[in-house]
Amino acid sequence: MLSETSTFVRRPVWLLVIDQLPFDHLISDCCNSDGEQSDSDATTLLYSPFDDLDMRSTFFEQYLIQDVRKSATLQDALGGKEAVSDFCDRLRASGGTIAHVRLRCSMNEVAHEVAQTFDSADSWIFGDDGTVDNSEFLVPLQSTGVESAALSAVCTKSFAQAAFVCVEVQIPSVESRLKIAASIVEWIRRARETVEALDSNAPPVLLVTSLRGEARSVVDPFAAVAEESLVHAPLWIEHGAGHVRRVQSLAGSFDLLPTILEYLSGDREVTQETATTEERSSQVLAHLSGKPLSLARLPQTFHPEKDRLLRLKGDLWNALRSHQYLLVQEQPCDPEEVSESCEVEKSGEEFIDHRQPVRHLFLKPDDVWNVHNVIVAYEAIADEMEALSGGW
């Protein structure tokens, strides 16, 4: 990797991460049980602050959460402890204050008048004492979502002046999830505009995404070993450049840290181009295998000679994803979560798994639900992907 100084201006960055995909109940809220349009005021949800993000931002169509295990944290999704540690070291070196805010939404609570400071050891953003402002707010919910007054206390002076702001939102599993997420997006957008008015030369870059996609209840023949809806999540980057676009290039959740650092520092990491043409596809795929890239200037269109290979992880499977293929390998059952679907038997205290590792290959992005396994016809491609990745 090479480092080059770009023409980017150093920009503050605000990252908004919602714990659950905010669109789960859009159809059920806006339609009745027969699928017909409802007469209720819920139909107003057809237009929301997410539509404003679409009209003002870069939207990544092929953005994937790379760790969707039930126990996965935001740190896991961003690349793991080592990647986060390197990010924090470089973040501190770049100077500026850091604000880490957690919003916990609750139906039957009152808001904290004073923010509760949580232990820095419980934060994925760590650093020297005093370098990170860790604050947690309990936000009460109304039928229309979150009231602006309940969020006003979150915009403290340190929050407005921080070089990097991470806002994590925890939403209970309620039918008004879309309304809650939309009101928080609208609030943070207005807060960002307020900061921009104070310093128009370097307005904050806003990134909005979720920790994981939607876990669907899918039955045969549509059940899949690695649900696309679980790893697929929205990602918006509103950088204020006035150029709205939808990017088809493959992007992973571990790309967020290099992207944030590029905006904060004005520098970026670039990859060397391969010299040959015949072997370019395989060489570049191997070179970019498992490596994060900044999304700040990712090409809008997909270039086959610059394909990537992303590693994905679920509870009982690992996967490799390129732009055109998804290779999945099932893992043995977890003895603590043995069910009737797992062909295991217990001998004393030892669980014996009789299943052989199974590989599945799906054509992307056409096979949306991962139901058509083409491993027999494309086994050579699966072998090449596994070899290029260096194994599972």
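Taking amide H atoms as placed 1.01 Å from N in the peptide plane, the amide H of Trp14 lies under 5 Å from those of Val165, Val205, Leu206, Leu207, each 5 or more residues away in sequence or on another chain.
In whole angstrom, note down how far apart the Cα centers of the stretch 301-317 and the stretch 190-213 are. Each part reduced to its Cα centre gives a spacing of 29 Å. Residue order by solvent-accessible surface for Met55, Met385 is Met55, Met385, largest first, with ligands and nucleic acids left out and a 1.4 Å probe. As a rough guide to protection, the peptides 207-215, 86-94 ranked by mean Cβ packing within 10 Å, highest first, stand as 207-215, 86-94.
Applying 0.36 nm per residue to the separation of Thr301 and Thr97 and subtracting their alpha-carbon distance, the gain on full extension is 69.9 nm.
The values are calculated or read from the model by the stated rules, or taken from the named source; none is laboratory data. Remember, it's a predicted structure, so these values are computed and weren't measured experimentally. Quick reminder, even Gly has a Cβ in these numbers, built from the backbone with ideal geometry, and neighbours come from all protein chains shown. Just so you know, the surface numbers come from the protein's heavy atoms only, side chains and all, with ligands and any DNA or RNA stripped out. Shrake-Rupley method; radii C 1.70, N 1.55, O 1.52, S 1.80 Å.
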